[in-house]
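So the structure is just underneath, and the comments pick up after that.
What follows is calculated from the coordinates using simple rules that are stated; it is not laboratory data. Source: prediction; values computed, not measured. In this analysis, Cβ positions are derived from the backbone assuming ideal geometry, glycine residues included, and neighbour counts consider all displayed protein chains.
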Amino acid sequence: MFERILFRRSNLSRHRNGPYAKERERYLTLLMEEGRSLPTLRQIANLLYHMAEQLPLSLPSVTPTQIEAAARQWSATLVRCRISRHRMETKFVFHATNWLRMLGRLQKPESQLPFTTEQDAFLQFEQQERGLADASLKMHKTHLRPFLNWAADQVKTLRKITPEDLSRYFVWQAAQRRWKRTTISNHVKALRNFFRFAESMNWCAAGLASTIDAPRIYKVSVW
């Protein structure tokens with residue numbers, strides 16, 4: 001697998017001989033099958049190498065708290081601006097969580113809601129980088145959670161979501177409740193901001209955020 005995405009001989013040798021090489025290759029193969037580009041796979045391959053060094057993989061399972069601690073420790077070594085370090089830390093947590101889940105070594109509570117890692121990363125970004133108040137963060141979470149639950153049931157992964165899926169979601173919501181335009185506006189704002197962040201993290205297809213159009217969705221509203 002490494003030879004399909006890494007072309008420098010020294011880099012290829014480092015990854016092949018590095019810790020947990022087979023486990024890292026399994027995750028990269030999965031991402032390639034999902035359609036990730038070669039530049040993205042190279043970035044994730046390098047990130048996985050650092051994960052294999054930083055995570056306490058000698059333990060039978062790894063907790064989310066341990067993942068976050070390893071991510072903070074690693075990002076602190078990067079010579080980058082604060083925003084860039086935060087983005088890399090978020091990517092570390094996201095891919096480490098998915099990698100360990102794939103390996104069956106992620107220690108998670110049974111009540112874990114779908115896409116909690118992505119939701120928490122987004123809310124943390126909104127708070128730390130955009131300075132949103134607690135009330136705004138609570139509103140975003142309130143509007144995001146129904147969608148994330150629906151997506152987990154209907155689409156399974158953020159990577160597979162299409163503009164048509166987003167339209168189906170709003171039609172489904174309209175059938176469940178009587179919406180006012182202010183509610184729709186807040187719902188659209190939360191989802192659009194979330195997908196802008198998801199696009200920047202390469203969690204979903206590019207351009208999804210721009211397809212969430214409030215005026216087009218107003219037809220499902222009531223007065």
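Only loop residues by DSSP count here, and only those with at most 16 other Cβ atoms within 10 Å; note down the GluC sites (Glu not before Pro) in the range 63-152 that meet that. List each step's numbers first, then the result.
On the way: sites: Glu68, Glu89, Glu110, Glu118, Glu126, Glu129; in loops: Glu110, Glu129.
Answer in residue order: Glu110, Glu129.
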- prompt: In degrees from 0 to 90, rounded to the nearest 10, what is the angle of the helix 134-154 Cα long axis to the longest principal axis of the chain?
  reply: 80
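Could you size up the charge dipole of the range 127-220 around its Cα centre, putting +1 on the beta carbon of Lys and Arg and -1 on that of Asp and Glu, and report it in debye to the nearest 20?
On the way: 17 positive and 7 negative charges, 70 e Å.
With Lys and Arg at +1 and Asp and Glu at -1, about 340 debye.
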statement: Dividing the helical contributions, -39500 (n - 2.57) per DSSP H run of n ≥ 4, by the residues of the chain yields a 222 nm value, nearest 500 deg cm²/dmol, of -21500 deg cm²/dmol
statement: Across the chain, qualifying lysine pairs (alpha carbons under 20 Å, at least 8 places apart or different chains) come out at 12
- prompt: Once both axes come from the Cα atoms, what is the angle between helix 38-54 and the longest principal axis of the chain, in degrees from 0 to 90, rounded to 10?
  reply: 70
field: Acute angle (nearest 10 degrees) that the helix 64-75 long axis makes with the longest principal axis of the chain, alpha-carbon atoms
entry: 70
- prompt: Hey, how many Å between the Cα centroid of the range 90-135 and the Cα centroid of the range 149-175?
  reply: 20
Gaussian network model of the chain, Cα within-10 Å springs - most flexible of Leu48, Leu191, Leu113: Leu113
query: Which of Ala76, Ala45, Ala96 moves the most in a Gaussian network model of the chain with Cα springs under 10 Å?
result: Ala76
query: Which of Arg36, Arg80, Arg159 moves most in a GNM of the chain, Cα contacts under 10 Å?
result: Arg80
